[in-house]
Amino acid sequence: MIKEENKPTLWADIKASIAGTEQDFTEGKLGRAILLLSIPMVLEMSMESIFAVVDIFFVSRLGADAVATVGITESLITIIYAIGIGLAMGTTALVARRIGEKDTDGASMSAVQAILVALLVSIPIAFIGIFFSKDLLRLMGAEPNIIENLYGYTTIMIGGNVVIMLLFVINAIFRGAGDAAISMRVLWVANGLNIILDPLLIFGIGFFPELGVTGAAVATVTGRGIGVIYQFYLLGSGKHRIKISREQLVVHWEIMKKLIRVSLGGIGQFIIATSSWIGLVRILAEFGSITVAGYTIAIRIFIFSILPSWGMSNAAATLVGQNLGAGKPERAEKSVWATAGVNMVFLAVVGVTFYILADVLISLFTSDSEIIEIGAQCLRIISYGYLAYAFGMIVIQAFNGAGDTGTPTLINFICFWLVEIPLAYFLALELGLKQDGVFYSIVVAETLLAILGYLIFRRGKWKLTSV
């Protein structure tokens with residue numbers, strides 16, 4: 001009898017989480033709060049992961065140089081992602097804390113300041129992308145054909161970085177407010193359009209021009225741009241927790257300074273983490289486009305597997321921020337342990353599956369036996385660290401949700417700059433393990449991150465952070 005009564009309730013919660021709910025996440029059952037937040041955030045990140053795989057699926061049809069162009073450019077764009085995600089973390093922390101305090105006007109004002117900062121940051125980056133894309137590719141060790149003929153992809157992706165910045169920051173506003181279903185819909189619109197436009201613009205289907213790898217960039221910027229327009233429509237509609245009016249469209253220096261202060265730690269930690277990926281690609285480039293292509297495909301598949309887990313980590317960040325704002329630090333901590341447990345079970349299953357099916361998965365994207373061999377080996381080695389990835393991403397986001405972005409920055413500095421890059425260089429070039437040495441360095445660094453995150457989180461100082 002009890003089970004029959006619970007089934008409709010669970011189904012109703014699932015439907016409510018997808019449709020959107022005005023739930024107060026500082027009250028009620030913690031498991032229900034995690035469910036309501038996690039489902040739309042996991043679905044949101046699932047679309048991002050699908051996009052990452054579909055994008056490289058089409059580009060791989062153009063050959064190793066095209067895939068390497070995407071891989072090298074993505075390694076450069078990770079710096080843009082670092083800034084965007086760092087700003088998003090600061091935004092989530094401020095908005096979630098104000099929502100927890102029941103200060104919706106303060107949350108809306110914080111949202112406006114976050115958007116202004118994102119716009120200002122994107123301008124100089126766009127200038128660099130438009131005028132210096134060839135130089136960036138040359139600096140990254142790209143082969144001559146990529147520098148001279150395929151640089152359009154890099155120009156458009158970096159030149160149009162404003163859509164990346166705004167997509168991250170505005171979705172962080174919705175997530176911080178607990179409106180996770182809105183973020184989900186926005187990303188499904190943006191990446192859904194991208195997936196549709198990809199083959200049309202890459203291969204010139206119908207009346208669309210055949211742009212090759214540059215078409216993938218045009219599709220990405222267009223899809224994300226439409227997603228941003230949708231975000232602004234939702235912010236101005238007045239139908240959700242965050243309601244932006246004309247009166248709030250002013251510069252509020254105190255809030256902006258607070259946002260920048262919190263975001264700097266987030267930006268710092270992601271610049272450290274993502275610049276290490278640039279370092280890894282630079283080392284891999286020593287072994288040619290075949291190696292970079294195999295690594296690029298494997299990493300896209302890896303991203304496909306962990307992005308849904310990032311949805312769970314975002315849920316943990318929102319719960320931490322809102323519950324600290326409501327003066328409930330113990331509830332905030334419990335939400336982290338519960339979410340981490342679920343995430344570890346999920347990624348453990350994924351890791352075993354990817355290890356067994358590595359060759360099959362890589363062969364879905366290319367028929368080149370050399371690329372398949374390198375990509376499969378990368379996927380197998382990286383799968384050793386899935387439990388560490390699962391716990392590490394939750395605990396790091398918990399710090400960020402509390403507004404303590406400095407601690408993850410220090411952890412990332414130790415793990416990625418002091419350990420990962422030197423270890424990759426030593427194993428690959430000094431010991432002669434080549435690309436395998438780079439792959440093993442990733443597992444070592446991520447495992448160390450999870451261990452350090454656990455030890456510092458248990459100390460509990462993050463509960464005293466004020467934003």
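The values are calculated or read from the model by the stated rules, or taken from the named source; none is laboratory data. Worth saying up front: this structure is predicted, and the values here are computed from it rather than measured. We place every Cβ from the backbone using ideal geometry, glycine too, and count neighbours over all the protein chains shown.
Could you tell me whether any residue of region 361-375 is outside any helix (DSSP H, G or I), under 30 Å from GLU101 (Cα atoms) and either of a type in the set (S, T, N, Q) or out of contact with any His (no Cβ under 8 Å at 6 or more places or on another chain) (or both)? Looking for residues that are outside any helix (DSSP H, G or I), under 30 Å from GLU101 (Cα atoms) and either of a type in the set (S, T, N, Q) or out of contact with any His (no Cβ under 8 Å at 6 or more places or on another chain) (or both), one finds none in region 361-375, hence no. Of the residues making up region 366-398, those that are aromatic (Phe, Trp, Tyr) and touching a Gly at 6+ places or on another chain (Cβ under 8 Å) are TYR384, TYR386, PHE391.
Scan region 96-104 and tell me whether some residue there is under 15 Å from the mean Cα position of the chain (by Cα), of a type in the set (D, E, K, R) and either assigned to a helix (DSSP H, G or I) or modelled with pLDDT of 90 or more (or both).
no
When the criteria are applied in full, VAL419 fails the requirement of being out of contact with any strand residue (DSSP E or B) (no Cβ under 9 Å at 6 or more places or on another chain), modelled with pLDDT of 95 or more and surrounded by 24 or more Cβ atoms within 10 Å (Cβ to Cβ).
Can you confirm whether region 436-446 contains a residue that is more than 23 Å from the chain's Cα centre (by Cα), not in a helix (DSSP H, G or I) and not aromatic (Phe, Trp, Tyr)? No, region 436-446 contains no residue that is more than 23 Å from the chain's Cα centre (by Cα), not in a helix (DSSP H, G or I) and not aromatic (Phe, Trp, Tyr). Among residues that are crowded, with 24+ Cβ neighbours inside 10 Å, under 25 Å from the mean Cα position of the chain (by Cα), of a type in the set (A, V, I, L, M, F, W, C) and under 20 Å from VAL53 (Cα atoms), PHE365 is included. Criterion applied to THR69, THR155 was being under 20 Å from GLY223 (Cβ atoms) and crowded, with 24+ Cβ neighbours inside 10 Å, and the one residue passing it is THR69. Of all positions in region 260-276, none carries a residue that is hydrophobic (A, V, I, L, M, F, W, C), modelled with pLDDT of 90 or more and more than 24 Å from GLY90 (Cβ to Cβ).
Residue check: VAL53 meets all listed conditions (1) hydrophobic (A, V, I, L, M, F, W, C); (2) modelled with pLDDT of 90 or more; (3) farther than 30 Å from LEU249 by Cα but one, namely (2). The residues in region 368-380 that are surrounded by fewer than 21 Cβ atoms within 10 Å (Cβ to Cβ) and either within 25 Å of the chain's Cα centre (by Cα) or among the basic types (Lys, Arg) (or both) can be counted, and the count is 2.
Applying the condition of being in a helix (DSSP H, G or I) and either hydroxyl-bearing (Ser, Thr, Tyr) or without any contact (Cβ under 8 Å) to a residue 24 or more places away in the chain (or both) to region 452-467 and asking which residue is surrounded by the most Cβ atoms within 10 Å (Cβ to Cβ) yields TYR454. Any residue in region 233-247 that is charged (D, E, K, R) and at pLDDT 90 or above? No, every residue in region 233-247 fails to be charged (D, E, K, R) and at pLDDT 90 or above. For region 21-36, a tally of residues being under 19 Å from LYS102 (Cα atoms) and either within 23 Å of the chain's Cα centre (by Cα) or aromatic (Phe, Trp, Tyr) (or both) returns 2.
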